[in-house]
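The values are calculated or read from the model by the stated rules, or taken from the named source; none is laboratory data. What you see is a predicted model, and the numbers here were worked out from it, not measured in a lab. Note that each Cβ is placed from the backbone with ideal geometry, even for glycine, and that neighbours are counted across all protein chains shown.
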Amino acid sequence: MNKNFLFSLFGKSPQTQEEHNLLIDKIYSLKKHTNLIIYDNVDIFLHKRRQTIPLMIYDEYRALFLFEIKEWSYEDLKNASLIKIQKAKQAQNTLSYTIMHEAVTNKLDEIIHNSDVPIHNYLLMTHLSSYEYQNLDDSLKKILLKEKIIFNDLDADAILNKLQKEPQNQNSYGSPQKIVGSLLTQYTLVDKDNELFLANTEQKAFIDAPLENFTNIQAAPKSGLSSTLLLKAIFEILKNPSLKITIIKPTKLAKDILHRQFLEIIEHAIIEFDILSVSILTPDEIDIKKNSALGNIIMCDDGMLMQEEFIAHLKSLQAKHKIVLTNDTADKVTFSFKESYLLKEKDILFYETNPHAKALQLIAQLLKQKDSKELLIVSNSDNRTKLVDDLKFFIEEEVKAFDSSVSLTFQELETLKLATYTDLNELIYNDAILLDIDEATNHELEYAINHAQESVHILYAEDSQNLQQLKEIYASK
């Protein structure tokens with residue numbers, strides 16, 4: 001119903017946030033025993049338009065439920081006259097859910113070219129019980145249909161039973177990633193293979209939260225942190241187009257990969273967005289003596305791989321900029337991303353051997369079972385050059401030294417990669433062979449090991465402190 005029209009018709013009840021939250025909590029409790037996807041107070045962005053949806057539920061076999069939240073009490077409704085009701089009937093074509101319908105169907109049509117996904121309309125009555133409803137005028141009940149109302153005294157089971165009366169389709173209307181991911185730009189991660197993922201609870205909490213002057217995110221390896229930072233940046237600018245945001249990545253390659261992902265999110269979302277409002281830079285591209293080029297919000301991703309002096313400088317900018325750092329062990333944790341998309345089990349193997357000769361043997365052995373692009377060899381610069389030269393005669397695969405300071409345009413990521421420990425940010429690999437571990441920092445070693453999907457082979461000629469530390473952490477895994 002036309003919200004402004006009916007509020008002036010019946011008057012607006014004083015909002016009781018506790019009652020509102022209680023009913024929303026009942027709705028969310030349905031997720032414990034169902035596959036329902038539930039969001040409240042979310043925005044759909046399409047081109048220049050922004051439409052708020054008070055409550056949305058997606059059931060893969062019943063499709064979409066859209067809810068208007070009404071605060072009308074029994075006192076507001078009990079004395080409604082027939083004339084007022086007739087006026088309300090005439091105003092039905094201005095129901096606010098028709099505006100929500102348009103936003104949903106238009107976005108689905110433009111992104112997945114399917115606007116035929118069923119939409120069921122419901123009212124969430126935060127101040128009206130099912131008992132009070134029985135005493136309303138019958139003519140009012142013709143507008144406020146009982147079967148389409150979630151009353152404030154319904155328990156979770158009764159709410160679920162009401163929703164499940166909608167017809168169930170034999171086939172899925174589409175995965176949540178496809179349907180909800182097409183609607184909610186701010187919660188849809190697009191990975192490097194252009195696959196869609198919905199932000200999990202941890203990621204969504206950060207995306208929704210207002211930023212403080214300083215935010216420190218602790219994130220597990222492969223937790224979707226970089227993609228979440230992008231979504232946060234996009235969402236902040238969609239809400240306030242005057243903002244400028246700077247995202248900092250350790251290397252030029254990592255910057256280019258993230259920028260490509262940024263453009264893919266914008267393209268998928270079909271939103272009016274000034275891409276120049278987000279700058280992605282490396283520390284080398286930032287003059288720490290001149291901060292004028294930095295945005296209102298600065299997000300530093302994988303800061304543990306950057307110089308301590310540079311991180312200290314970023315922290316000093318809190319008076320004029322909002323700063324987001326990731327995995328900074330020196331500061332209190334603001335948000336934690338504990339959920340990781342890495343495989344839980346992987347082999348971590350130690351070899352006391354001639355590292356160079358063993359590396360050649362392992363590479364040849366692994367290439368019999370795996371695609372070359374899945375394999376990463378990490379060493380110092382000199383040994384990388386020697387391995388490149390020897391591998392040209394030892395295997396049939398194309399071999400090139402990898403350099404993260406070179407732009408993505410000139411990189412070949414689908415081949416065997418031989419890199420140094422400073423090159424690893426944003427690289428994707430299943431198996432890693434590590435040499436020269438004593439020349440790497442603890443953060444670099446941790447990054448190299450944790451981002452491997454299946455196996456890590458650590459080669460060493462003699463014992464060392466770094467080796468002992470690695471064995472203490474990983475030898476029993």
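Observations
Condition check ((1) in contact with a strand residue (DSSP E or B) (Cβ under 8 Å, 6 or more places away or on another chain); (2) surrounded by 21 or more Cβ atoms within 10 Å (Cβ to Cβ); (3) more than 17 Å from residue 468 (Cα to Cα)) across all residues:
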{"site": "400", "(1), (2), (3)": "yes, no, yes"}
{"site": "406", "(1), (2), (3)": "no, no, yes"}
{"site": "428", "(1), (2), (3)": "no, no, yes"}
{"site": "437", "(1), (2), (3)": "yes, yes, no"}
{"site": "443", "(1), (2), (3)": "no, no, no"}
{"site": "446", "(1), (2), (3)": "no, no, no"}
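- Restricted to strands (runs of 3 or more DSSP E) entirely inside the stretch 318-416, those with at least 3 residues that are without any contact (Cβ under 8 Å) to a residue 60 or more places away in the chain and more than 15 Å from residue 459 (Cα to Cα) are 399-401.
- Of the residues in the stretch 202-209, at least one is among the basic types (Lys, Arg) and either part of a helix (DSSP H, G or I) or modelled with pLDDT of 95 or more (or both).
- Matching entry among 145, 160 (being assigned by TED's automatic domain parsing to the domain that holds residue 117, aliphatic (A, V, I, L, M) and surrounded by 13 or more Cβ atoms within 10 Å (Cβ to Cβ)): 160
- Considering (1) part of a loop (DSSP other than H, G, I, E, B); (2) within 23 Å of residue 307 (Cα to Cα), the lone condition that residue 422 does not fulfil carries the number (1).
- Among the residues examined, residue 71 qualifies as touching a His at 6+ places or on another chain (Cβ under 6 Å), modelled with pLDDT under 90 and either among the β-branched types (Val, Ile, Thr) or closer than 24 Å to residue 144 by Cα (or both).
- Selection within the stretch 30-59 - part of a strand (DSSP E or B) and more than 21 Å from residue 166 (Cα to Cα): 41, 42, 43, 44, 45, 46, 47, 49, 50, 51, 52
- Within the stretch 408-426, restricting attention to residues that are under 18 Å from residue 257 (Cβ atoms) and of a type in the set (A, V, I, L, M), the residue that is surrounded by the most Cβ atoms within 10 Å (Cβ to Cβ) is 424.
- Test for residue 95: is it modelled with pLDDT of 90 or more and of a type in the set (A, V, I, L, M, F, W, C): no
- Given (1) more than 30 Å from residue 271 (Cβ to Cβ); (2) at pLDDT 90 or above; (3) of a type in the set (Val, Ile, Thr), index of the condition residue 16 fails: (2)
- Long-range neighbours under 8 Å by Cβ, at least six apart or interchain, first residue among the small types (Gly, Ala, Ser) within the stretch 260-276, second crowded, with 19+ Cβ neighbours inside 10 Å: 269/45; 269/185; 269/188; 269/234
- Qualifying residue in the stretch 276-296 (condition: within 18 Å of residue 226 (Cα to Cα), at pLDDT below 90, touching a helix residue (DSSP H, G or I) at 6+ places or on another chain (Cβ under 6 Å) and of a type in the set (A, V, I, L, M, F, W, C)): no
- Residue 333 falls short of the stated requirement of being under 26 Å from residue 198 (Cα atoms), touching a Phe, Trp or Tyr at 6+ places or on another chain (Cβ under 8 Å) and not small (Gly, Ala, Ser).
- A single entry from 173, 131, 122 fulfils the requirement of being out of contact with any His (no Cβ under 7 Å at 6 or more places or on another chain) and surrounded by fewer than 18 Cβ atoms within 10 Å (Cβ to Cβ): 131.
- Of the residues making up the stretch 200-218, those that are closer than 19 Å to residue 37 by Cα, out of contact with any Leu (no Cβ under 6 Å at 6 or more places or on another chain) and touching a residue at least 24 places away in the same chain (Cβ under 8 Å) number 5.
- Test: residue in the stretch 22-36 that is at pLDDT 90 or above and touching a His at 6+ places or on another chain (Cβ under 8 Å): no
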